[in-house]
Amino acid sequence: MEEQIDVLDAQGRKTGEIRSRRDVHKFGLCHRTVHIWFMDKAGLILFQQRAHDKLNNPGLFDTSCAGHISAGDSSLDSAVREIREELGLKKNPEDLKYLFEAKHESILNGGTYLDNEFYDTYVSSISDEEKKRLRPQPHEVDDFYWFSKEEFRRSLLSSPEKFVSHPKDFDYLLK
């Protein structure tokens, strides 16, 4: 069965309606997702390269890990689940630090995919041992890349089209 998602109002509150992921994006319904950023002890930032066969933003650099919050799930539980699914790592809720909520709207794929989301952003550290265990989820993630803040800043300025745009996240990462 297709993932079911809580529909939100314009202020980010649950309406009580639950719709399929397909409907949420077909009709541009507000919903909630999570973004998780990982940094190692040297301050390098983990980016995933989205799978080249993804429906939207294929092949672009994106958050270390992200995903929809399924109906009835908490933000934190969803973040832990997405880390396990996309990266192959086991993290506990206390390993994640909540940073902020942001709103993102975009129209993709010739107007057939409407993204109208509130997302909760988290940050976590990653050990050298965990880095060795990173495993990209097939059809979600092609590869992983590590950027220093300066490398990220330069890449974002010279080739912004290579990144999925998350301005509030990027402001945090580059401060």
Exercise for review: Name the one entry in Asp53, Asp73 that is acidic (Asp, Glu) and either within 30 Å of Glu150 (Cα to Cα) or touching an Asp or Glu at 6+ places or on another chain (Cβ under 7 Å) (or both).
Suggested key: Asp53
Check your understanding: What is the one condition in (1) of a type in the set (D, E, K, R); (2) under 22 Å from Phe170 (Cβ atoms); (3) within 17 Å of the chain's Cα centre (by Cα) that Arg81 does not satisfy?
Key -> (2)
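Is the stretch 104-115 home to any residue that is under 16 Å from Glu86 (Cβ atoms) and in contact (Cβ under 8 Å) with a residue 24 or more places away in the chain?
No - not one qualifying residue is present in the stretch 104-115.
Which ranges mark the strands (runs of 3 or more DSSP E) fully within the stretch 1-85 that have 2 or more residues being of a type in the set (A, V, I, L, M) and surrounded by 17 or more Cβ atoms within 10 Å (Cβ to Cβ)?
Details: elements: 4-8, 14-20, 31-39, 45-50, 65-68.
Per the criteria, 4-8, 31-39, 45-50.
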Practice item. Give Phe118, Phe147 a once-over and let me know the one that is in contact with an Asp or Glu (Cβ under 9 Å, 6 or more places away or on another chain), touching a residue at least 40 places away in the same chain (Cβ under 8 Å) and not aliphatic (A, V, I, L, M). Key: Phe118
Check your understanding: From the list Leu60, Leu99, which one is out of contact with any Lys or Arg (no Cβ under 7 Å at 6 or more places or on another chain), closer than 23 Å to Tyr172 by Cα and either modelled with pLDDT of 95 or more or hydroxyl-bearing (Ser, Thr, Tyr) (or both)?
Key -> Leu99
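The values are calculated or read from the model by the stated rules, or taken from the named source; none is laboratory data. Computed from a prediction, not measured in an experiment: that's the story for all the values here. Positions of Cβ are generated from backbone atoms using ideal geometry, with glycine treated the same way; all protein chains shown enter the neighbour counts.
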